[in-house]
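Contents: one structure, followed by commentary.
The values are calculated or read from the model by the stated rules, or taken from the named source; none is laboratory data. None of the values given here were measured: they were computed from a predicted structure. Glycine gets a Cβ as well: all are built from the backbone with ideal geometry, and neighbour counts include every protein chain shown. Ligands, DNA and RNA are stripped out before the accessible areas are found, and what is left, the full protein with its side chains, is counted by its heavy atoms. Shrake-Rupley method; radii C 1.70, N 1.55, O 1.52, S 1.80 Å.
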Amino acid sequence: MTNEAIVDLRSDTVTRPSAGMYEAMMAAPLGDDVYGEDESVNRLEKTAAHILGKQAGLFLSSATQANLAAMLAHNARGEEILLGNCYHIFVSEAGGTSALGGIIMHPLATDTAGGLALEQVLAAIKEDDPHHPITRTLALENTVSGRVQDPAQHRQLAEAVREQGLSVHLDGARLMNASVALAIPAAEIVEPFDSVMMCLSKGLGAPVGAVLCGSDEFIGRARRLRKMLGGGMRQAGVLAACGLYALRHNIERLAEDHDHARALGAGLAEIDGLPVSHETNMVFIEPQAKDLEPLRQHLLQHRVEIGHQCPRVRLVTHLDIDSASIDRAITAFQSYYR
Ligand SMILES: *Cc1c(COP(=O)(O)O)cnc(C)c1O
């Protein structure tokens, strides 16, 4: 048993490039991307823009950097964005939008599904008064901790705030999980948004990178900002080739991750006294506080790794988790609670 690979359920960021992805990396035509001469990066940017139905795309080193460049492109210093109080830009990007962009983040309480209500958003837009910052952008997210957001509701929000002169950004780090879960093309989901960010190194399985898409004019500004943020890369095609490979081979297969998460959730739900819920590629459990650390240690002995979050622990399925891994994880949990 000790030679078995670890079943790593901490995040879908832990995947390693597959053999096919390494081959794509080796074969990638390269150039200096800061000069716009890396064919692989150019192809990735075009492909992503096509998939998302936008004019142009920009390859960035991470989803955090892509969100930051987008916030800087939409807002001047002293302007304000509205976003959910549990959204990644507000909680998990080290405050970069405020610290580096001088942008005010106005967090709104999300509902239990991770969404924002229309009246709540409209009420938060500040009136034109020299006392107030100018409310410039609404930033939404999909999925929100695995929860798929209703595209019709996003469209309604986007259209309403655009009428008030705001721009609308989608943090779609796991957009493709939503697209596959809903069986709706990503371009249709993001149609109402001015800009959209998609992460390549989560469920899609690339080692590095994200793409930001929008109009030619918007992406032109974001390209300069990426340079300002230190994100201009040279022969980045070795990474872009992985992203291209991911877009060709790893979108549809996200359905397997969702199936695996469903099976994991169903297996764990049979354990008495362990609250369990399931969303796309995530399962959430709420062990009692006294159990959390002993459970983690027990699972590690069975070569299953989970995160430290408290009180709800997130288990995430991904490319390197197969159905045998799910069975091993369920068995390891059962042996703790027996
Ligand atoms: C993970 C994530 C990001 C940032 O991704 P990094 O790879 O950590 O830069 C942004 N938004 C959401 C919703 C995420 O889940």
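Some observations on this one:
- Looking across the stretch 205-233 at every residue that is over 11 Å from GLN65 (Cα atoms) and open to solvent by less than 20 Å² (accessible area, probe 1.4 Å), the one that is nearest to the ligand (Cβ to nearest atom) is identified as ALA206.
- Among the criteria (1) under 19 Å from the mean Cα position of the chain (by Cα); (2) more than 16 Å from the ligand (Cβ to nearest atom), the one MET71 does not fulfil is (2).
- Whether a residue is charged (D, E, K, R), more than 16 Å from the ligand (Cβ to nearest atom), open to solvent by less than 30 Å² (accessible area, probe 1.4 Å) and in contact (Cβ under 8 Å) with a residue 24 or more places away in the chain was assessed, and GLU80 passes this test.
- Some residue of the stretch 21-30 being within 16 Å of the ligand (Cβ to nearest atom) and either under 21 Å from ASN177 (Cα atoms) or not assigned by TED's automatic domain parsing to the domain that holds ARG221 (or both): no
- Residue within the stretch 321-330 that is part of a loop (DSSP other than H, G, I, E, B), farther than 20 Å from LEU175 by Cβ, at pLDDT 95 or above and touching a strand residue (DSSP E or B) at 6+ places or on another chain (Cβ under 8 Å) present: yes
- Answer residue from the stretch 276-304, given it is within 21 Å of the chain's Cα centre (by Cα) and not aliphatic (A, V, I, L, M) and is surrounded by the most Cβ atoms within 10 Å (Cβ to Cβ) among those: ASN281
- Out of GLN149, GLN153, GLN120, sole residue that is at pLDDT 95 or above, of a type in the set (S, T, N, Q) and within 16 Å of the ligand (Cβ to nearest atom): GLN149
- Cβ-Cβ distances below 9 Å connect the following pairs, each with a first residue in the stretch 218-241 that is under 19 Å from ALA206 (Cα atoms), a second residue that is aromatic (Phe, Trp, Tyr) and at pLDDT 95 or above, and a separation of six or more residues or different chains: MET233/PHE59; ARG234/TYR35; ALA236/PHE59; LEU239/PHE59; ALA240/PHE59.
- Any hit, the stretch 31-40, residues being open to solvent by 40 Å² or more (accessible area, probe 1.4 Å), of a type outside the set (A, V, I, L, M, F, W, C), assigned by TED's automatic domain parsing to the domain that holds ARG223 and within 18 Å of the chain's Cα centre (by Cα): no
- Residues of the stretch 5-30 satisfying the condition of being of a type outside the set (A, V, I, L, M) and more than 25 Å from the chain's Cα centre (by Cα): GLU23, PRO29
- Residue list for the stretch 97-129, restricted to those being in contact (Cβ under 8 Å) with a residue 12 or more places away in the chain, in contact with a strand residue (DSSP E or B) (Cβ under 8 Å, 6 or more places away or on another chain) and outside any loop (DSSP other than H, G, I, E, B): THR97, ILE104, MET105, HIS106, PRO107, LEU108, GLN120, VAL121, ALA124
- Some residue of the stretch 322-337 being within 21 Å of the chain's Cα centre (by Cα), under 25 Å from LEU254 (Cβ atoms) and in contact (Cβ under 8 Å) with a residue 60 or more places away in the chain: no
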